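A.B. asks: Before I ask anything, let me first share the structure, which is written out below as structure tokens.
The values are calculated or read from the model by the stated rules, or taken from the named source; none is laboratory data. Note that the structure is predicted; figures quoted are calculated from it, not measured. Every residue, glycine as well, gets a Cβ built from its backbone with ideal geometry; the counts of neighbours run over all protein chains shown. These accessible areas exclude ligands, DNA and RNA; they are computed on the full protein's heavy atoms, side chains included. Shrake-Rupley method; radii C 1.70, N 1.55, O 1.52, S 1.80 Å.
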Amino acid sequence: MPSLLRIDASSRFSGSHSRSLADAFETAWSARFPGGTIVRRDLATKPIAHIEEATIAGFYTAPESLDDNLKRALALSDELIGELNAADTVLIATPMYNFSIPSALKSWIDQVVRINRTFSYDGKDFSGLVKARRVVVVAAFGAGGYGGALSTADFVTPYLKFLFGFLGVADVTVIPAEATTSDPATAASNVHRARIDIHNLVQAA
């Protein structure tokens with residue numbers, strides 16, 4: 001059966017546009033794939049720990065050489081990578097904070113970007129190892145996002161597209177809701193447009 005991994009990165013609950021758009025995607029996806037499996041990771045209600053020295057040491061230690069301390073340090077990374085690789089579709093719901101992704105999402109990324117688990121390096125070339133078929137990012141841009149005055153300062157879109165491409169996911173789609181801190185009519189129109197894009201994307205899957 002199809003499976004969806006949903007990652008929510010917004011610190012807000014009430015009034016969060018990225019969460020609202022993720023809800024719309026999840027509803028449409030559930031209707032499109034009845035009986036599909038959904039795993040949810042809310043990075044605000046259950047923050048992901050930053051990687052520590054022992055985590056990094058474990059990343060670069062051969063599996064047969066891991067001691068109990070390193071295994072404990074890798075337990076969260078193992079769990080998150082397992083969720084990532086079990087998903088057909090990964091849904092990332094994120095706002096843009098200060099031109100980039102929230103630190104909560106970066107902590108998740110740092111736990112899952114791991115040599116010989118989600119990417120490999122043979123001394124010459126990198127290869128992605130993530131098994132997810134596609135990643136969909138629903139992103140809320142308070143200051144305008146695409147085409148706005150600060151469009152060149154959007155480090156959310158290129159970063160996430162590069163990151164998941166590096167990890168081996170060829171299909172990475174970003175659906176933006178722009179100018180969400182603008183006047184209510186403009187914000188509502190942009191969110192509505194994003195909802196239409198979400199519906200069309202899910203139906204085409």
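A.B. asks: Just need a number here: residues in the range 1-35 that are surrounded by fewer than 16 Cβ atoms within 10 Å (Cβ to Cβ) and assigned to a loop (DSSP other than H, G, I, E, B).
C.D. replies: So the count comes out to 8.
A.B. asks: Looking only at the range 36-45, which residues are more than 20 Å from residue 133 (Cβ to Cβ) and surrounded by 15 or more Cβ atoms within 10 Å (Cβ to Cβ)?
C.D. replies: 42, 43, 44
A.B. asks: Among the residues of the range 163-197, how many are among the hydrophobic types (A, V, I, L, M, F, W, C), out of contact with any strand residue (DSSP E or B) (no Cβ under 6 Å at 6 or more places or on another chain) and farther than 29 Å from residue 119 by Cα?
C.D. replies: The total comes to 5.
A.B. asks: Let me ask something additional. Report every pair of residues separated by at least 6 positions or lying on different chains whose Cβ atoms are under 9 Å apart, first residue within the range 27-49 and under 19 Å from residue 78 (Cβ atoms), second of a type in the set (S, T, N, Q) and open to solvent by 40 Å² or more (accessible area, probe 1.4 Å).
C.D. replies: Qualifying pairs under 9 Å: 43/11.
A.B. asks: Continuing with this model, one more query. Out of curiosity, is residue 120 at pLDDT 95 or above and open to solvent by 20 Å² or more (accessible area, probe 1.4 Å)?
C.D. replies: yes
A.B. asks: Under 8 Å between Cβ atoms, at least 6 apart or on separate chains: pull out the pairs that start in the range 51-78 with a residue that is under 23 Å from residue 103 (Cα atoms) and end on any residue that is β-branched (Val, Ile, Thr) and surrounded by fewer than 17 Cβ atoms within 10 Å (Cβ to Cβ).
C.D. replies: Cβ pairs passing all conditions: 59/115.
A.B. asks: Please determine whether any residue of the range 94-115 is in contact with a Leu (Cβ under 9 Å, 6 or more places away or on another chain), at pLDDT 95 or above, under 20 Å from residue 50 (Cβ atoms) and among the aromatic types (Phe, Trp, Tyr).
C.D. replies: yes
A.B. asks: Please state which of the following conditions residue 81 fails to meet, knowing it meets all the rest: (1) surrounded by fewer than 17 Cβ atoms within 10 Å (Cβ to Cβ); (2) under 16 Å from the mean Cα position of the chain (by Cα).
C.D. replies: For residue 81, the exception is condition (1).
A.B. asks: If you go through the range 125-144 one residue at a time, how many are open to solvent by 20 Å² or more (accessible area, probe 1.4 Å) and either at pLDDT 95 or above or touching a Leu at 6+ places or on another chain (Cβ under 9 Å) (or both)?
C.D. replies: Counting residues in the range 125-144 that are open to solvent by 20 Å² or more (accessible area, probe 1.4 Å) and either at pLDDT 95 or above or touching a Leu at 6+ places or on another chain (Cβ under 9 Å) (or both) gives 7.
A.B. asks: Which condition number in (1) farther than 30 Å from residue 64 by Cα; (2) under 14 Å from the mean Cα position of the chain (by Cα); (3) open to solvent by 60 Å² or more (accessible area, probe 1.4 Å) is the one that residue 185 fails?
C.D. replies: That leaves (2) as the condition not met.
A.B. asks: I'd like to know if the range 145-163 contains one or more residues that are open to solvent by 50 Å² or more (accessible area, probe 1.4 Å), among the hydroxyl-bearing types (Ser, Thr, Tyr) and under 14 Å from the mean Cα position of the chain (by Cα).
C.D. replies: The answer is yes; a qualifying residue exists.
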